[in-house]
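Engineer: The following block contains the structure, expressed as structure tokens.
The values are calculated or read from the model by the stated rules, or taken from the named source; none is laboratory data. Model, not experiment: these values are computed from the prediction. Positions of Cβ are backbone-derived with ideal geometry, glycine not excepted, and every protein chain shown enters the neighbour counts. Accessible surface is based on the protein model in full, side chains and every heavy atom, while ligands, DNA and RNA are left aside. Shrake-Rupley method; radii C 1.70, N 1.55, O 1.52, S 1.80 Å.
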Amino acid sequence: MTPSPASSEGRDTPVPQVRTLEKELEKGWRDHRAGVSSSAAMKLVEESGDGRLVMNFGPQHPATHGTLRSIFTLEGETITEADVEIGFLHTGFEKLGENMTYQQWVTVSDRMNYLSAINNNVGYSVAVEELLGIDVPPRCASLRVIMSELSRIADHILCVGLQGMDLGAFSVMLWAFEKRELVYDIIEAVCGARLTTSWTRVGGIMRDVPEFFPDLVYSFLDEFPPLVEEIHMMLLNNKIFVDRVKEIGIVSKENARSWGLSGPIARASGLDVDVRRDTPYLGYDQYNFKVPVQTEGDSFSRYMQRMEEIEQSLEIIRQAMATLPGGPVVHDDFKTSLPAKDAVHNDMESLIHHFKLVMLGHGIRPKPGSSIYSATEAPCGELGYFINSDGSDTAYRLRVRPPSLYNYAIFPRVVEGGMLSDAVAVLSSFHIIAGELDR
Amino acid sequence: MAEMYPPHAALPADLQKMVLDTIEHQGQTQLRCKVPDHRSLLVDFRNQQGYDYLVDVTALDHLGKDTPERFEIVYVLRRLADPRHQFRLHAWLSESEPSLASVVDLWDSARWGERETHDMFGIVFDGNPDLRRLLMPEDYPAFPLLKDYPLTGREERRQFPRVVPRGDQMVEEEPTDYPTSIGRGMHTPEYDEEVRRDSKPRQ
Amino acid sequence: MGLENLLSGEGFLTTTVNSIVNWGRKNALWPMPFGTACCAIEMMATFSGRYDISRFGAEVVRFSPRQADLLIVSGRISLKMMPVLQKIYRQMPEPKWVISMGACASCGGVFDTYTLIQGVDQFIPVDVYVPGCPPRPESLLDAVFEVQKLVGEETFDSGKHGS
């Protein structure tokens, strides 16, 4: 099996061969230092005759959110051609899914979108539960919803903060991080860890929330909303910010549909998709929330979209806290869920159930040959899991459909024809998370 | 979750024959076909039936199992006007000729979906204008998600020099011999001599 | 070559100049955050308001390796990223220190896979390791204190020339 080489068929301009160009440029630099005149970069300039420059917007850069590499062909400040290279954070999560049991992989899932780890955990557990055909108790569903929305707020506020920082409004980022620490306090009280939570299990969650959980959430709901107003006041009255994001990086609705965009980016372009509303899971259909949609599709509408979604998330949290039921938090079938620890220590049957679930070779075994595609709404878009099982305790294929992958595919098209500084503004508004993109 | 309803019922008769079987599991529909037929089915789904959103493209490798072919390409399709109309099309692809027609002209999201499937499995999509590797380095010698490729790889991750300052220069040496851990079979590796790490500055 | 060669030995003048130079260096470390994954977010939290690293002098975060002296490798380093890391490390002028933050940078962490470097110390020299997945901001601050201690022990003939 030989892979085909990078093919330029069907394209007007050849695919920039990234690595060879780099070697040529390096050789050219050495030649230049040794006094030999024509280097590759100079050759490019001479041959084209119009001063075009190939610039690397490398994986290590303060304005690339994560390890994203762009190669721009510049003519002055205008980008004539753009190409992206990803994979600098590829870790092999999908291959790990074939070697880890279903319960174990949840720890891996929160390293994907590390800004909102709970959404990844919830998405994965929902997928495995759908594969097995089990339901979680209502309290568990409500708690998962509350924590997911808190995590979504944390993600969106960070995106807005970084968007501000990239365009020079550094205070916005510091304020965003300060209020994000409030979310971290809640997450730490509930899950034990600030960032990589691994909170959900197949059939439930790790453990029930502490008694002071309502106080935490209600004080958060009091302290957080003023920040939204402050950020609006800071940024919307700032002509520089508004001019730098308005009508920059326009993604049309048709392109959003065709390129498979989802999440705030798609909704900012007018595409009305939201997995929570379209195919509800975890009881989202009982909450009354709006799905805001903008029309222009530029970076400004992506900013407004995220701020409006934060407000809708706060609304969902209020409703979920008001209707939080009591009861168990784990599905009560011991073929999938671990029994309570004191039962394990005291009761023979629970011990056997525990043993069978934890030991390798036993554990959760879905029907052989079954597959499922299950999607949830992560802050970046539609996070989908395609799980195929062969009847053993590890998945046969665990495919993660990352929203950032399909969101980022359109990025070169969007920045072509724009200016270099607009590329920074567009990239920060796209909110690509490299961990999820590369897995 | 997506509800049960038959996407293949609206296909014309000659395309209905291409659908080998349908599987319903937990309310999700899955159609199966073989590889050259997938293109006509997808064209029909896109143009006649209005499945305008390609959610994902991926593949499965059934090495050593009793399946018609080794590879199974999965397309997840959705109709935006009614998002509950979502189903998957699985196409069997043989190992001896792992190439199939691309659907880039129908949905642009297939560009990177197919690119990643190529990167991970080595499957060639004819007609994709930009079929380079996406996540792995360009000159990586293997396709990682194939079942005969081990999880820890074949030592590609140690093929870098060790960069140390020595005196005036930055010198490249052999990498340190690091005892790597082992995957599922968790055991403690044996060391020849005690591995010591201290926090003194390097000399 | 330099003044340090004239001031060799452990004379009174040398050690005083030494301690002043070290005091200045350690209280004004300029970190270069090489943040890739989840640890980068905790590193950003360390640089932000609540766990303020600028209390300890490391405020000036320089994203250019030419202007930094403390490289904080935070996050998992994959095959593709390793040459980039080595290039950045080479571009930093002496004296420089490296903090390997998090389990993935120190030893590969949770991920023993085909594409992840099982510890950056195989390929670049590391001074301080910070365990955790991700380490709390306080742990990173503790690592900065360790580096400051290391800086305080430097002498002119310890090989970190370029003073």
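Engineer: How large is the Rg to Rh ratio of the range A:342-439 when both quantities use alpha carbon positions and Rh follows Kirkwood?
Structural biologist: Details: Rg = 21.4 Å, Rh = 17.0 Å.
When Rh is taken as the Kirkwood radius, the ratio is 1.26.
Engineer: Considering the Cα positions of the range B:13-126, please state its Rg to one decimal place and its Dmax as a whole number of Å.
Structural biologist: That works out to 13.5, 41 Å for Rg and Dmax.
Engineer: Measure up A:LYS95/C:LYS80; A:LYS179/C:LYS26; A:LYS367/B:LYS147 against 26 Å on the Cα-Cα distance and list the ones that go over. Mind showing how you got there, number by number?
Structural biologist: Numbers: A:LYS95/C:LYS80 18 Å; A:LYS179/C:LYS26 31 Å; A:LYS367/B:LYS147 21 Å.
Beyond 26 Å between Cα atoms: A:LYS179/C:LYS26.
Engineer: Using a 1.4 Å probe and ignoring any ligands, DNA or RNA, find the accessible area of A:HIS353 and quote it in Å² to the nearest 10.
Structural biologist: 50 Å²
Engineer: Hey, what D do you get for the protein assembly as shown in µm²/s if you plug the Kirkwood alpha-carbon radius into Stokes-Einstein at 4 °C and 1.567 mPa s? Please list the in-between numbers first.
Structural biologist: Details: Rh = 27.9 Å.
Translational D for this selection: 46 µm²/s.
Engineer: Points 7 angstrom from Cα along the Cβ direction at C:ARG90 and A:MET55: gap in nanometres?
Structural biologist: With each label point 7 Å from Cα toward Cβ, the separation is 2.4 nm.
Engineer: For B:TYR53, enumerate residues with amide H under 5 Å from its amide H, sequence gap 5+ or separate chain, H modeled in the peptide plane.
Structural biologist: Residues meeting the criterion, in which the H sits 1.01 Å from N, are B:ARG78, B:LEU80.
Engineer: Based on the Cβ-Cβ distance of C:GLU153 and A:ILE352, what FRET efficiency does E = 1/(1 + (r/R0)^6) give at R0 = 51 Å, to the nearest 0.05?
Structural biologist: With R0 = 51 Å, the Cβ-Cβ based efficiency is 0.35.
Engineer: Now a separate question. Leaving out ligands, DNA and RNA, and with a 1.4 Å probe, what % of the accessible surface on chain A is carbon or sulfur? Please list the in-between numbers first.
Structural biologist: Values: 8630 of 16110 Å².
Solvent-exposed carbon and sulfur of chain A make up 54 percent of the total.
Engineer: Considering only DSSP beta bridges with both partners in chain C, what is the antiparallel share in %, to the nearest 5?
Structural biologist: Details: 1 of 14 bridges.
If we restrict to bridges inside chain C, about 5 percent are antiparallel.
Engineer: Can you give the FRET efficiency to the nearest 0.05 for C:VAL21 and B:ARG154, using r as the Cβ-Cβ distance and R₀ = 45 Å? The partial results should precede the final answer.
Structural biologist: Details: r = 48 Å, r/R0 = 1.06.
Taking R0 as 45 Å, the efficiency between C:VAL21 and B:ARG154 is 0.40.
Engineer: Between the helical axis of C:38-47 and the dominant principal axis of chain C, each derived from Cα atoms, what acute angle in degrees is found, rounded to the nearest 10?
Structural biologist: Around 40 degrees separate the two axes.
Engineer: A further question follows. Efficiency by 1/(1 + (r/R0)^6): what FRET value for A:LEU221 and C:GLU138, r their Cβ-Cβ distance, R0 = 25 Å, to the nearest 0.05?
Structural biologist: On the way: r = 28 Å, r/R0 = 1.10.
Calculated value: 0.35.
Engineer: If you don't mind, another one. In what sequence, largest accessible area first, do A:LYS246, B:LYS147 appear using a 1.4 Å probe? Display every interim value, and only then the final one.
Structural biologist: Details: A:LYS246 95, B:LYS147 65 Å².
My answer, sorted largest first, is A:LYS246, B:LYS147.
Engineer: Another question about this same structure. Taking the inverse of the average 1/r across all pairs of different Cα atoms in the range B:62-181, what Kirkwood radius in Å do you get?
Structural biologist: Numbers: mean 1/r = 0.0564 Å⁻¹.
Over the range B:62-181, the inverse of the mean reciprocal pair distance is 17.7 Å.
Engineer: Mind checking the per residue accessible area of the protein assembly as shown for me, 1.4 Å probe, whole number of Å²?
Structural biologist: Details: 31560 Å² over 805 residues.
Accessible area per residue, the protein assembly as shown: 39 Å².
Engineer: While we're here: Distance in nm between label sites at C:PHE12 and C:ARG62, each 7 Å beyond Cα in the beta-carbon direction?
Structural biologist: The two pseudo-label positions are separated by 3.5 nm.
Engineer: For chain A, what log10 I(q)/I(0) values come out of the Debye formula at q = 0.10, 0.11, 0.12, 0.13 1/Å, with one point per alpha carbon and no solvent?
Structural biologist: For chain A at q = 0.10, 0.11, 0.12, 0.13 Å⁻¹, log10 I(q)/I(0) is -0.76, -0.90, -1.03, -1.16.
Engineer: I've got another one for you. How big is D for the range A:151-204, in µm² s⁻¹ as a whole number, if Stokes-Einstein is applied with the Kirkwood radius of its Cα pairs at 37 °C and 0.692 mPa s? Mind showing how you got there, number by number?
Structural biologist: On the way: Rh = 12.0 Å.
D, rounded to a whole number, is 273 µm²/s.
Engineer: Turning to a different aspect of this structure: So what is Rg over Rh here for the range A:57-216, counting just Cα atoms and using Kirkwood for Rh?
Structural biologist: Values: Rg = 18.9 Å, Rh = 17.9 Å.
Over the Cα atoms of the range A:57-216, Rg/Rh equals 1.06.
Engineer: Pick out which of A:ALA340, A:ALA117, A:ALA395 has the largest mean-square fluctuation in a Gaussian network model of chain A, springs linking Cα atoms closer than 10 Å.
Structural biologist: Comparing A:ALA340, A:ALA117, A:ALA395 in a Gaussian network model of chain A, the most mobile one is A:ALA340.
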